[in-house]
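Remarks on the structure that follows.
A short reminder: the numbers here are calculations on the coordinates, not readings from a lab. If you're wondering where the values come from, they're calculated on a predicted model, not measured in any experiment. Neighbour counts are summed over all protein chains in view; Cβ atoms, including those assigned to glycine, are modelled from backbone coordinates with ideal geometry.
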Amino acid sequence: MNLAWVPHLIVLGTLLGADYTSTDTAGSWCYKDPKCGPETWAALGHCNGTRQSPINIVTPAAVHNPHLGAVSLAGYGDAKKLISMENTGTTVDVHLADGLHLCAQGLPAIYTAKSFHLHWSQGSDKPGSEHFINYKGFSMELHIVHTKNNLNKTDALKDPEGIAVLAFFLQATAHARPSHSWDSFTRHLKNVALKGKKTNLDGSFSLRGLLSSVDLARYYRYPGSLTTPTCDEVVVWTVFPDPILVPLDVVAAFPSILHSTNSDAGPRLQNNYRPLQSLGDRQVQASAALRVAPSSSSTLRPAALIPLLISTAAITWHL
Ligand SMILES: *[C@@H]1O[C@H](CO)[C@@H](O)[C@H](O)[C@H]1NC(C)=O
Ligand SMILES: *[C@@H]1O[C@H](CO)[C@@H](O)[C@H](O)[C@H]1NC(C)=O
Ligand SMILES: [Zn+2]
């Protein structure tokens, strides 16, 4: 195409209205429209790289690392650190005050939590998680985004380990006990139903409350990317395989209340997950505790366990 035509096309697109803006060339992207969905992201930033996320984690292929003990979270129980909730049009994002610190073996520094958000499908009967475990998805996925040494986002994107994300699955189940924290969270959704809406939080729930009783010693670790454009390959992923069990109405609330545009006549915010990316030549590591899972019919002999227990006990982290 003759480039001289481009300005004319932009003017035409502007005259034609909203349809054009969702497919413009300035890096606008979406999840489901074939014009701006994940198949088109390769041209944006690093999305066509070799260290992309999310992935399917094949647990028998993960390399056991006895040094990977429980992650240590400081400040996550403080409800006052949750400042505001915002509908970005592609997710619901919660902004965090300074003071939430993540420390874990395999991470080269202390990481500070900046925000968290979620991914979901269109209801509780279809997986909406980004990562899969052994080809199985979960109802939703929670991402807590941290930067290394409290770097700002710009600087974190320049460091191959600039960002650490903790990923937790949510699974809708009819038998889940009611969750005060998730009830409080979903009660706020109506205040951010439209894209661009932001609401202050009231200290009624904490991040630790949302995480429920998930075992922080059981996780997979691998090097990957942001799962949205520009898909920067700067993320150290920590994925916890044991889901947070939540009632069906918690999972149903997100796709039914939230909209992806600033009009309540517009489309709902649904299916905001990126498809699986190939692992390539990367290695996924399994934490120490995953080796001694009560659920796994362990082939490990007790004698083989002793050095393992000693090496994990020797490395404890304190903040
Ligand atoms: C993405 O990478 C593949 C494999 O390296 C290549 O064949 C393809 O042309 C790339 N696509 C874009 C849009 O860069
Ligand atoms: C990020 O931090 C660096 C170093 O402190 C600073 O130079 C830069 O202006 C900051 N960028 C933004 C967008 O705040
Ligand atoms: Zn995410």
Exercise. Name every residue in region 238-296 that is in contact (Cβ under 8 Å) with a residue 40 or more places away in the chain and of a type in the set (V, I, T), in order of residue number.
Key: T238, V239, I244, V246, V250, V251, I257, T261, V284
Quiz item: Considering only region 50-91, how many residues are of a type in the set (S, T, Y) and not in a loop (DSSP other than H, G, I, E, B)?
Solution: 3
Practice problem: Hey, could you check region 119-169 for residues that are away from ligand 3 (no atom under 16 Å from the Cβ) and part of a strand (DSSP E or B) and say which is farthest from L107 (Cα to Cα)? | Solution: K136
Self-check item: Identity of the residue in region 204-215, surrounded by fewer than 20 Cβ atoms within 10 Å (Cβ to Cβ) and touching a residue at least 60 places away in the same chain (Cβ under 8 Å), that ends up farthest from ligand 2 (Cβ to nearest atom)
Solution: D215
